[in-house]
């Protein structure tokens, strides 16, 4: 039965429970993972569900996501139906009551912000539009500041033992963010008024919501949409 | 302006210098200058105050505009009696079928008929089931889902109607009602989400298409980075391979486990083992004896089914938008032990009702690969095969009268099928499929099938099941 011992020895590490950090965070997109890392530091253990090379609209509720959501204390997602294809399934299949909709363990960045490009009328003939507004909120620096403040407070709510650390990290981050934002604005002044072409409507927050007309060759294929601003 | 006035006054005074102004005049002028200064200062202060107020108002206006935007967005979904309406989605589907054999004569020779709707669709234009799904959170503790199928024959079937817990801790989820069993891989996937128009042969032969359980399911997800779940179901056991027993207690039970994870950013996999045990009581099926008369065969005993399933998905860097590939396969083994009663009293009435032991040990498997080679376009190939294995029919073996020819459905045969499929998906919600199959389910006859199918989904966004 020696082979059984070796098999178990080989498999056991796969089942090792991860080291207990104060707060297990499941971030839907890399930007929120990075933000949570800034605010939480080594008091948090962060898993990012998607990479920047993946379209968050097309993700499936695969086993690794369910397993990671199972042990999460806090889920940080964009919301505004960006993850509607997979996050609700991950929540209900995870067996984790803390991260269900409406619980403090589920944090949606879009709920903290005023979204732009909210459609007057929603219909699938317009393509797979987002009824609550444009969900790609992370590209506007002022949005990151607002979300950072709200996220830090949520971390405080879930892990009150580290309140001082989270609030101090948030203050330090927001200060650096303020300075960086001012610098970016200055660096961006030569780009004012320039016309650009974008692949998908996810650049609206970066270039400002005062965008021009869409030129559409096919209503349902977002790769053929153009935005000029 | 203030400076100019003052300067003007000063100049005037200087020019008038040599002329000695009277003290009263001087005092009067000083008084006027003082008043002008005061007035100017007051004006300046008033202007500054107005500017500050205007800025504050602008700031407030921005905030309230932002609030109004979010409120406007929210009010669309908030308020009124419809606020808590469930998510509703409707599936519209139909098939145009061209089959070389008559669908009404379909059988999977060698295997006890499973009684499900497992035959090919009717020839020509045919509407498939229209599925209506409603789902919503009931309260912080429970979620509810119902899927009702409206058949082209104008019947209403409850596919699924279950509640699910949200608030159990430690990784447990309890489901109750009617639900697709968690055994295997494809069993839990709704028919409109399948990669082919029809179910694989093992599902048709051993589960009647897909197994629905009326009962409870308890699932546990392990707190490990590798996905590991265990599930157990207790049900009435009245779906094939069980039967309606009219007995207290549990009629059927199943237990299953799955392990899954990622390999790098591009691969995701899941594999599992399931075991199902039903105890059918007087489960009957119709057949025809060697004289052409109707026969009813009734089985009572135990049915044990094992399933090994596996699925592997690939997408470049995990992004399935442009290209992706999915490989899946399942192996089934069904063992039935009990008694079979042969009854031809309603037909030829040669032997009457004869019973003896009946044991089967049969298996089957399928493997399919689906490849999205460009956005919106997929091609897939599937191979199914069933192994006749051992069918030990006591009535025939012990020469009680009926011979093997009186059990034509159970003739020794190993069905196989090859299927090729292309589909076009203009969006996530619409699909057009062309499918070719060469089906050897019937002994001695090959059915060449061509299907053209449409599947459309309206309403709430569906879930991307793995």
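All of the numbers you see were taken from the coordinates with simple rules; none came from a lab. Here the structure is a predicted model, which means the values were calculated and not measured. Here Cβ is always computed from backbone atoms with ideal geometry, including for glycine, and neighbour counts include all displayed protein chains.
Mind checking A:100-107 for the average number of partner chain beta-carbons within 10 Å of each residue's beta-carbon?
Counting other chains' Cβ atoms within 10 Å and averaging over A:100-107 gives 2.
Can you grab the distance from the C-alpha centre of region B:352-368 to the C-alpha centre of region A:39-60, Å, no decimals?
What the calculation gives is 50 Å, centre to centre.
Taking only DSSP H segments of four or more residues, each worth -39500 (n - 2.57), what value at 222 nm results for the protein assembly as shown once the sum is divided by all its residues, to the nearest 500 deg cm²/dmol?
-7500 deg cm²/dmol
Taking the simple approach of a point 7 Å from Cα along Cα-to-Cβ for both residue B:138 and residue B:32, what is their distance in nm?
9.1
Take the Cα of residue B:321, step 7 Å along the line toward its Cβ, and report every residue of region B:372-416 whose backbone nitrogen sits under 18 Å from that point.
B:372-378
Round to a whole angstrom and tell me the spacing of the C-alpha centers of region B:86-165 and region A:74-152.
About 33 Å separates the Cα centre of region B:86-165 from the one of region A:74-152.
Mind listing P(r) for region B:89-459? All alpha-carbon pairs, 20 Å bins, whole percents.
26, 59, 15, 0
Across the residues of A:86-96, average count of Cβ atoms on other protein chains within 10 Å?
Counting other chains' Cβ atoms within 10 Å and averaging over A:86-96 gives 6.
Please report, largest first and rounded to whole Å, the three semi-axes of the ellipsoid equivalent to the protein assembly as shown, where each semi-axis is the square root of five times an eigenvalue of the C-alpha gyration tensor.
Rounded to whole Å, the semi-axes are 71, 27, 22.
Calculate how many DSSP beta bridges within the protein assembly as shown are antiparallel, expressed in % of all such bridges and rounded to the nearest 5.
95
If you count, for every residue in B:312-318, the Cβ atoms of partner chains within 10 Å of its Cβ, what is the mean?
3
Using per-residue counts of other Cβ atoms within 10 Å, averaged over each peptide, order B:376-389, A:63-76, A:167-180 from highest down.
A:63-76, B:376-389, A:167-180
Binned at 5 Å from 0, what are the whole-percent values of the Cα-Cα distance distribution for region A:49-180, short to long?
Using 5 Å bins, I get a P(r) of 2, 10, 17, 18, 20, 17, 11, 4, 1, 0 for region A:49-180.
What does the C-alpha gyration tensor say about the overall shape of region B:276-395? Classify as rounded when a/c is under 1.5, otherwise prolate if a/b is larger than b/c, or oblate.
Cα axes put region B:276-395 in the prolate bin.
Please give the contour-minus-distance gain from residue B:42 to residue B:148: 0.36 nm per residue of separation, less the Cα-Cα distance, rounded to one decimal in nm.
Full extension of this stretch gives 30.4 nm more.
In percent, what relative contact order does chain B have, based on Cα pairs under 8 Å that are 6 or more apart in sequence?
Averaging sequence separation for qualifying contacts and normalising by length gives 13 percent for chain B.
Distance in nm between label sites at residue B:172 and residue B:291, each 7 Å beyond Cα in the beta-carbon direction?
Placing both labels 7 Å along Cα→Cβ, they lie 6.0 nm apart.
Between residue B:414 and residue A:131, what FRET efficiency comes out of the Förster formula 1/(1 + (r/R0)^6) with R0 = 60 Å and r the beta carbon distance, rounded to 0.05?
So the FRET efficiency works out to roughly 0.70.
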